[in-house]
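Scroll down for the structure; my scribbles are underneath it.
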Amino acid sequence: MIARPTRRACILGHGITYSRSPLIHNYWIKKYGLDAEYSICDLPEQKLPELLTSIREGSLAGCNVTIPYKQTVVPYLDAVDDTASTTGSVNTIYCRDGVLTGTSTDGAGYIGHLMDSHPAFKLKDASVLILGAGGAARSIADVMVKSGCSGVYIANRTFAKAQEIAGFQPDIIEPLEWSNLSAKAGVADLIINTTSLGMVGKQPLVFPLENTKPDCVISDIVYAPLETRLLAQARKLGRPVLDGLGMLLHQAVPGFRLWFGIEPQVTGELRALIEQDLQSHG
Ligand code: NAP
């Protein structure tokens, strides 16, 4: 009998100081008893074609993509799906029938976490205020529109980036100046911080939460620290909250399924493992 080779996947980036993706995927590999491995591939750009060829040829099942290659990889691929093409950014690569394909799972990860934590929340006809217009905001805005939200407001320091995202769906998305970030606070059903404000080493986000509706879900995609000042203030006011760690876990689900053929579960045990890691590495 010929033994099947160990299936391999990795996170592709450069100057990756630390990534939690190996912890997440290797947890699932062990849990589902797979003969597989997930590692870090820190490569200079000239090595990208070689790595992508190994996915096309099947010696690598696929990869996640992080800084600085989320846009750089696109011209090397045969196809990008609808999500990656709208957002212009790829965080997961896989190969089907010889077609090397890129997708973006941040938006799906965000929704997965929201539905897991607040199953009664209705996105259909909801008003959503997104703070920030970077890569994560693009994916989240896209998925909010596709989920039937009636209004998506995007406030960003660099207004032109908010305007660019509004161009995805001008009937639904409205850009806001950063100086006007709280203009829609009172109408929003969901407020999402997608800026890097509030991260360890950065200024906190200052936002007038007292003007929000009592049942408005306050969400931060920053996960280091786990409890940002925004979330702590929201809790104090009794607002429902959603942290960033769950999105990190849920955005990993589609890649694992595409590479290894199993839909992995985001469990309390996995969350506790990553929380422990966040506490020890910050
Ligand atoms: P990005 O593309 O670099 O975007 C950063 C955003 O933050 C931009 O909108 C930027 O505004 C804004 N910003 C930065 N400094 C600011 C300041 N001093 N005042 C106001 N706005 C400021 O980054 P990203 O990839 O979208 O990631 C953003 C955050 O989300 C990071 O903290 C990242 O760790 C986190 N994240 C979490 C997950 C998860 O799974 N939980 C996934 C992806 C990202 P300008 O456009 O004006 O520069």
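Just so it is clear, none of the values below were taken in a lab; they were calculated from the coordinates. As the structure is a prediction and not an experimental result, all values here were calculated from the model. FYI the Cβ positions are ideal-geometry reconstructions off the backbone, even for glycines, and counts take in every protein chain you see.
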Report the Cα centroid-to-centroid distance between segment 218-248 and segment 32-59 in angstrom, as an integer. 34 Å
Two pseudo-spin positions, 7 Å from Cα along C-beta at A183 and at S85, lie apart in nanometres by 3.2 nm
Farthest positive-ward along segment 200-282 dipole, Cα basis, beta-carbon charges - from A272, T228, A252: T228
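Restricting to DSSP H runs of at least four residues, report the calculated mean residue ellipticity at 222 nm for the chain, -39500 (n - 2.57) per run over all residues, nearest 500 deg cm²/dmol. Walk me through the numbers before you get to the answer.
Values: 10 runs with 94 residues, N = 282.
Computed mean residue ellipticity for the chain: -9500 deg cm²/dmol.
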About its Cα centre, what dipole magnitude does the chain give when the only charges are +1 on Lys and Arg Cβ and -1 on Asp and Glu Cβ, stated in debye to the nearest 20? 360 debye
Write down the percent of antiparallel bridges among all DSSP beta bridges whose residues are both part of the chain, to the nearest 5. 20 percent
Point-charge dipole on Cβ atoms (K/R +1, D/E -1) for segment 107-243, about Cα centre, debye to 20: 200 debye
Amide H contacts under 5 Å for M199, placed H, 5+ residues apart: none
A correct Karplus calculation of ³J(HN,Hα) over segment 182-198, with 6.51 cos²θ - 1.76 cosθ + 1.60, θ = phi - 60°, whole Hz and x for Gly and Pro, returns 9, 4, 9, 4, x, 9, 6, 8, 8, 10, 10, 7, 10, 7, 8, 5, x
